[in-house]
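I have placed the structure first, in the form of structure tokens, so that the comments after it can refer back to it.
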């Protein structure tokens with residue numbers, strides 16, 4: 001599929017749930033979120049149907065996200081079915097790692113070939129604070145298990161937060177010595193937590209200024225939002241995703257499906273296309289998807305204060 005700006009759209013991110021076993025401060029407001037009604041959530045069969053249509057239309061890369069995707073019952077069966085779709089070349093999952101110790105081997109057997117793990121600190125007390133109660137050991141055990149079963153590549157996604165983890169940058173960069181990529185993501189003002197995000201924002205340029213010896217390396221994928229660097233002796237890379245300080249919209253090749261069946265053409269836009277209703281009315285959603293792709297916006301306008309109302313947990317990581 002080609003949009004009106006001649007970008008090939010071949011990447012679908014599917015949020016399978018807005019539920020999570022953590023409550024990260026930049027992802028949801030302090031009082032939590034209103035749970036989506038069960039009837040409003042796409043069934044596993046509906047998710048599989050939509051994924052199949054997208055693959056038929058040329059999508060060859062799918063990532064499963066949440067919330068925390070592994071908290072949803074029946075997920076391993078869905079992952080296995082999507083992993084078998086003919087034409088799918090790249091199948092990944094984003095997780096906080098808490099449940100990987102139990103499910104890493106099953107994910108690999110189901111066809112997952114890449115893994116992104118959210119990890120914002122290597123300090124136990126800070127981890128408990130930022131996740132509102134999570135235990136760092138559970139996440140680290142999950143990472144270790146994923147390595148043991150051969151899930152590769154593994155990327156750690158670290159949201160850079162002023163006054164919180166900016167004193168851990170060297171320790172996080174050193175994590176690349178183990179062969180794991182570490183990607184620093186600028187804090188994005190989204191939903192009800194946007195003011196907290198604005199107050200705690202720090203640019204990724206700070207990391208480059210702080211760490212000596214990082215050398216820029218060529219991107220493996222031109223559509224990747226990350227710019228990559230490397231320490232001379234490290235096996236893994238250091239990535240920077242800069243949606244605030246440096247847009248990467250011109251190479252955007254992705255769309256998102258929310259757990260309540262809305263197609264988001266841009267992460268930072270309130271515009272959504274309903275796929276759930278026509279699907280349940282037995283309509284052919286191919287034409288709806290093709291028409292939507294033709295209307296994908298050229299770029300977001302975060303720098304102008306154009307923020308979206310949905311919380312990140314309701315969209316998917």
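Taken together, the values in this text are just the output of simple stated rules run on the coordinates, not laboratory data. Because the structure is predicted, anything quoted here is derived from the model rather than measured. Backbone-built Cβ (ideal geometry, glycine too); neighbour counts: all protein chains shown.
How far apart, in nm, are two points set 7 Å out from the Cα along the Cα-to-Cβ line at residue 89 and at residue 220?
About 1.3 nm separates the two model spin labels.
Cut-off 10 angstrom, C-alpha nodes, Gaussian network model of the chain. Which of 70, 231, 172 fluctuates the most?
Ranking 70, 231, 172 by mean-square fluctuation puts 231 first.
Restricting to DSSP H runs of at least four residues, report the calculated mean residue ellipticity at 222 nm for the chain, -39500 (n - 2.57) per run over all residues, nearest 500 deg cm²/dmol. Mind dumping the intermediate values first?
Working: 10 runs with 83 residues, N = 317.
Result for the chain: -7000 deg cm²/dmol, rounded to the nearest 500.
With a 10 Å cut-off between alpha carbons and a GNM built on the chain, which of 129, 206, 26 moves the most?
206
Pull out the extension gain between residue 105 and residue 166, defined as 0.36 nm times the separation in residues minus the alpha carbon to alpha carbon distance; nm, one decimal. Display every interim value, and only then the final one.
Values: separation 61, 0.36 × 61 = 21.96 nm, distance 3.34 nm.
That pair, residue 105 and residue 166, stretches by 18.6 nm at full extension.
Using R₀ = 45 Å, calculate the FRET efficiency as 1/(1 + (r/R₀)^6) where r is the Cβ-Cβ separation of residue 281 and residue 248; round to 0.05.
Efficiency for this residue pair is about 0.80.
Along Cα→Cβ, 7 Å out, is where each label goes; now give me the distance between the ones at residue 114 and residue 177 in nm to one decimal.
The two pseudo-label positions are separated by 2.7 nm.
So if each residue of separation counts as 0.36 nm, and I subtract the Cα-Cα distance between residue 233 and residue 149, what length gain in nm does that give?
Details: separation 84, 0.36 × 84 = 30.24 nm, distance 2.46 nm.
Length difference between fully extended and current span is 27.8 nm.
Out of all DSSP beta bridges with both ends in the chain, state the antiparallel percent to the nearest 5. Show your work: numbers first, answer last.
Working: 12 of 43 bridges.
Beta bridges within the chain, antiparallel portion: roughly 30 percent.
Counting alpha carbon pairs within less than 8 Å and at least 6 residues apart, what relative contact order, in whole percent, applies to the chain? Walk me through the numbers before you get to the answer.
Working: 642 pairs, mean separation 70.9, N = 317.
Relative contact order of the chain: 22 percent.
Would you mind checking the tilt of helix 100-109 against the longest principal axis of the Cα atoms of the chain, expressed as 0 to 90 degrees and rounded to 10?
So the inclination is approximately 50 degrees.
Rounded if a/c is under 1.5, else prolate if a/b is larger than b/c, else oblate: which is segment 188-237, with a ≥ b ≥ c the root eigenvalues of its Cα gyration tensor?
Numbers: a/c = 3.56, a/b = 1.78, b/c = 2.00.
Oblate.
For segment 139-293, what proportion of DSSP beta bridges, expressed in % and rounded to the nearest 5, is antiparallel? Show your work: numbers first, answer last.
Details: 11 of 21 bridges.
Of all bridge pairs located within segment 139-293, approximately 50 percent are antiparallel.
Relative to the first principal axis of the alpha-carbon coordinates of the chain, what is the inclination of helix 44-56, with its axis defined by its Cα atoms, in degrees from 0 to 90 and to the nearest 10?
Taking Cα atoms only, the helix is inclined about 90 degrees.
Of the candidates 38, 103, 301, which one comes out as most mobile in a Gaussian network treatment of the chain with C-alpha springs shorter than 10 Å?
38
Under the classification rounded if a/c is under 1.5, otherwise prolate if a/b is larger than b/c and oblate if not, where does segment 82-136 fall, given a ≥ b ≥ c as square roots of the Cα gyration tensor eigenvalues?
On the way: a/c = 4.02, a/b = 2.64, b/c = 1.52.
The shape class here is prolate.
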